[in-house]
1. Quick test of your reading of the structure: residue 69 fulfils all but one of (1) buried (at least 20 other Cβ atoms within 10 Å of the Cβ); (2) away from the ligand (no atom under 12 Å from the Cβ). Name the failing condition by number.
2. Out of all the residues in the range 73-95, is one or more away from the ligand (no atom under 12 Å from the Cβ), farther than 30 Å from residue 28 by Cβ, in contact (Cβ under 8 Å) with a residue 40 or more places away in the chain and surrounded by fewer than 17 Cβ atoms within 10 Å (Cβ to Cβ)?
3. Tell me, please, whether a residue that is away from the ligand (no atom under 16 Å from the Cβ), assigned by TED's automatic domain parsing to the domain that holds residue 276, buried (at least 19 other Cβ atoms within 10 Å of the Cβ) and assigned to a loop (DSSP other than H, G, I, E, B) can be found in the range 315-326.
4. If I ask for residues that are without any contact (Cβ under 8 Å) to a residue 24 or more places away in the chain and more than 28 Å from residue 97 (Cβ to Cβ), which ones from the range 144-160 would you list?
5. Right, residue 141: touching a strand residue (DSSP E or B) at 6+ places or on another chain (Cβ under 8 Å) and without any contact (Cβ under 8 Å) to a residue 12 or more places away in the chain or not?
6. Taking the conditions exactly as written (within 13 Å of the ligand (Cβ to nearest atom), modelled with pLDDT under 95 and under 19 Å from residue 26 (Cα atoms)), does residue 380 satisfy them or not?
7. Working only within the range 14-51, note down all residues that are more than 8 Å from the ligand (Cβ to nearest atom), in a loop (DSSP other than H, G, I, E, B) and either touching a strand residue (DSSP E or B) at 6+ places or on another chain (Cβ under 6 Å) or not assigned by TED's automatic domain parsing to the domain that holds residue 376 (or both).
8. Tally the residues that are in contact (Cβ under 8 Å) with a residue 40 or more places away in the chain, in a loop (DSSP other than H, G, I, E, B) and either under 14 Å from residue 6 (Cβ atoms) or more than 14 Å from the ligand (Cβ to nearest atom) (or both), restricting the search to the range 108-138.
Ligand SMILES: Cc1cc2nc3c(=O)[nH]c(=O)nc-3n(C[C@H](O)[C@H](O)[C@H](O)COP(=O)(O)OP(=O)(O)OC[C@H]3O[C@@H](n4cnc5c(N)ncnc54)[C@H](O)[C@@H]3O)c2cc1C
């Protein structure tokens, strides 16, 4: 069987793979996208049932197509997936679904890569790894498997009925953790939520969604933080039409807020005494955005309605004034622990000298140190927006431009070669 050859092979048919295909197609670069599941598979099968986009439809989309319906609505995850499938169809994107890439190996002594897939080997001059910013669920090895509680990662959570009866402890209060905890409390569960440092922008302020504010204030374009900067999670939600995440409000409604989870022993968890500090820091982040928005409105003479009530703060719930530092899981009736502790990337399938000692890609704006290898959709790949729907589209354009530049060098024939051909 002759080996299939392609100029550029894109691994992953999520939003990143679709965006990459659009820009490569426009640039006339022959390419193929391989997706092991369906287009936008993670939106379909690795997220909880009730998830809606965190940004409104007018914002969380590609420039080339709008979502049907209300542009201010928060689109359900299935519709997000359908959007990318329709987008790919509109492009006529060469996406082959149901094909898993098992290994990408840099050729020795010649350019290009040998790509081993579940359906044979493909030779590619270039490879773009677009397998997602959130690939491998991170679960700290803290609570032993035999501790008598069900443990799952947020990526495995679907709905309240899936969990055994009893109270639930959610560890991690970024967008996933806080939305899951809220859903469980609304379903009548007793919920404990371990809250670490976080940013907490207002859902909207003075008539504009925070996505708009982050855009006009240049915050989506913020460059990657310096190495070693502590990653701070962002707690936002599009649920029920979009609401500001307010931990004090959740506490006053009965959720037990806890500080950062620190250790486990004898059936009990320990928490850092940092709950109030984390909430205060979240409030500071919230208020600083209101201040910046007010200053932007004033300096640009915008006619947007005042919203003084946005600065009102709920009283501290008891769990904040008198925080629990230790919790016996059985004593509290906790039957399930949900780890909403984030994800890591996993590029173990790429055999090329392109990673640091912790397996993180060495790259500049997605262009790897390994010639011919590119990454797309990494967290903070070029800016804060890189791992989000609208941001990845712009990063894909940059990668396509870089590929076009390299193809030109590759195709260049020196004078001697040209003379030889003419002779
Ligand atoms: C809970 C949650 C909610 C989010 N909500 C929003 C939101 O509202 N708005 C927003 O802008 N962003 C949101 N994001 C962030 C981001 O948009 C998503 O994570 C998005 O799925 C990333 O798209 P991607 O294409 O980069 O990666 P993925 O969606 O992860 O796509 C990668 C694809 O590669 C495939 N794949 C992986 N390995 C292989 C292989 N070896 N061979 C072949 N195929 C492979 C996978 O099946 C997958 O389809 C959210 C993230 C999470 C976790």
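1. Answer for residue 69: the failing condition is (1).
2. no
3. yes
4. Matches in the range 144-160: 145, 146.
5. Details: touching a strand residue (DSSP E or B) at 6+ places or on another chain (Cβ under 8 Å): no; without any contact (Cβ under 8 Å) to a residue 12 or more places away in the chain: yes.
The answer is no for residue 141.
6. Numbers: within 13 Å of the ligand (Cβ to nearest atom): yes; modelled with pLDDT under 95: yes; under 19 Å from residue 26 (Cα atoms): no.
So residue 380 does not fit the description; no.
7. Hits for the range 14-51 are 29, 30.
8. The first filter runs over the range 108-138 and keeps only residues in contact (Cβ under 8 Å) with a residue 40 or more places away in the chain, leaving 111-113, 115, 117-118, 120-138.
Checking the rest, the ones that are also in a loop (DSSP other than H, G, I, E, B) come to 111-112, 118, 130-135, 138.
The next check asks that each one be either under 14 Å from residue 6 (Cβ atoms) or more than 14 Å from the ligand (Cβ to nearest atom) (or both); those that pass are 111-112.
Qualifying residue count for the region: 2.
The values are calculated or read from the model by the stated rules, or taken from the named source; none is laboratory data. This structure is a prediction, so every number in the text was calculated from the model and none was measured. A quick note on method: Cβ atoms are made from the backbone with ideal geometry, for glycine too, and the neighbour counts reach across all protein chains shown.
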